[in-house]
Amino acid sequence: MDDKDHSLAARRAAWALLNGVTEGRLLAELLPGPLAPLDPAARARAQRLATGALRVFDKADRQLGPFLRNRPDDRVLNLLRLAVYELRVAGEAPHGVVDSAVTLVRDIPEIERLSGFVNAVLRNVVRAGPEAWQALPPPRLPKWLRKVLVADYGKQAVEAMEAAHEAGAPLDLTAKADPSELAASVGGTVLPTGSVRLDAQAQVTALPGYEAGVFWVQDAAAALPARILAPHEGEAVLDLCAAPGGKTMQLAAAGAKVTALDDSPRRMERLAQNLARTGLQAECITGDVFDHAGRYDAVLLDAPCTATGTIRRHPDLPQAKDGGDFPALFELQARMIDHALTLLAPGGRLVYCTCSLLVDEGEEQVTDALARHPGLAVDPEALLVPGVEPAWRTAEGGLRLRPDYWAGRGGMDGFYIAMLRKPA
């Protein structure tokens with residue numbers, strides 16, 4: 001396969017991924033799918049193209065708007081979005097991008113008649129120049145999500161989050177031992193909370209210390225719940241919804257006697273592999289949270305959620321979802337909190353967290369749990385860990401993290417964390 005065919009194959013696969021996302025499926029559900037026939041280089045390029053295009057969907061639509069009299073077929077619009085990303089962000093040669101887009105349309109009988117339209121629109125984009133792109137604001141979230149977030153945080157804060165989403169996410173690592181030593185060996189910076197942020201993109205498995213298990217990949221925000229739980233040596237700790245195991249490994253590295261539970265056999269297999277690589281120990285159970293019984297000194301519940309805090313890493317989420325399935329998640333989270341409390345010894349600690357930006361999955365869940373369980377209390381003092389800024393603390397005693405926090409350092413995932421104490 002020559003370079004031209006190689007590029008076309010990668011673009012075709014990226015286009016297929018975009019079509020799958022706008023049909024309502026997440027990238028994780030689509031992969032490997034259209035990437036399977038490609039060689040590793042083309043596979044990586046296709047995934048990079050699709051992710052990049054998804055990150056700027058709204059901005060691409062505004063770039064295309066003046067040249068579209070009517071909204072075209074969704075497949076055609078996705079191809080145009082992909083081409084705009086290549087032209088304006090990836091910096092690909094205009095001739096190759098336009099020609100490839102026209103070729104791809106001609107390969108689909110039911111839309112091949114639109115090849116001239118695609119050619120004309122993209123040539124208009126090229127003529128508009130990069131200045132037209134640079135004049136546009138950051139890509140906005142879809143209305144169904146943006147409206148909710150603006151109501152919770154205000155327009156200015158949401159615009160800052162959207163800028164963070166467009167910028168993407170650096171790679172963070174959690175050190176098994178000394179983060180300073182890890183930072184020096186991998187070329188990274190120790191963040192105020194103790195995570196190590198790589199100074200440049202890198203292949204994780206090629207980093208020094210990967211095979212020896214001295215670190216694991218974990219966003220700085222995701223590393224905070226286990227640090228807030230702060231288990232004691234030998235303490236019995238249950239990690240609910242544990243896979244793929246970042247928090248499990250943190251708890252085990254701190255000396256806790258950890259039980260890790262998740263209902264996904266595939267994800268639990270990955271957790272077991274991570275434990276084996278790092279040489280850490282935990283009892284691993286694959287099963288339903290609500291079937292589990294026992295008595296623990298502490299529980300960490302990273303509840304299933306909308307994952308709206310991870311959009312800078314997963315830009316497909318707001319394009320594939322519409323919020324219709326979210327209320328069921330809110331109900332599930334409440335049930336999980338109630339069950340987790342039954343697993344705690346008197347005086348035990350529960351850290352509840354979600355990688356969500358929605359207050360329904362954070363602040364309101366904790367407020368409602370306090371109302372349901374007399375004697376249950378929030379422990380705001382537990383949040384006093386290194387690097388946590390006072391402005392991140394919330395009225396009910398939790399911690400609200402946002403993608404635009406640490407903007408000068410590369411941001412962080414959106415998260416909510418609270419420590420709850422059961423009556424003695």
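Values quoted throughout were computed directly from the atomic coordinates according to the rules given, and no laboratory measurement underlies them. Keep in mind the model is a prediction, meaning the values are calculated, not measured.
Quick notes on this one:
- 3J(HN,Hα) along segment 219-230, derived from phi through the Karplus expression 6.51 cos²θ - 1.76 cosθ + 1.60 where θ = phi - 60°, amounts to 4, 4, 5, 5, 7, 6, x, 5, 5, 6, 5, 6 Hz, with x in place of Gly and Pro.
- For TYR405, the residues 5 or more places off, or on other chains, whose built amide H falls under 5 Å of its own are MET412.
- Gaussian network model of the chain, springs between alpha carbon atoms under 10 Å - residue of PRO225, PRO318, PRO244 with greatest fluctuation: PRO244
- Bridge orientation summary for the chain: considering DSSP beta bridges with both residues in this region, about 50 percent are antiparallel.
- Dividing the helix sum by the residues of the chain, where each DSSP H run of 4 or more adds -39500 (n - 2.57), gives a mean residue ellipticity at 222 nm of -13500 deg cm²/dmol.
- Residue with peak Gaussian network fluctuation, the chain [Cα springs, cutoff 10 Å], from ARG372, ARG69, ARG113: ARG69
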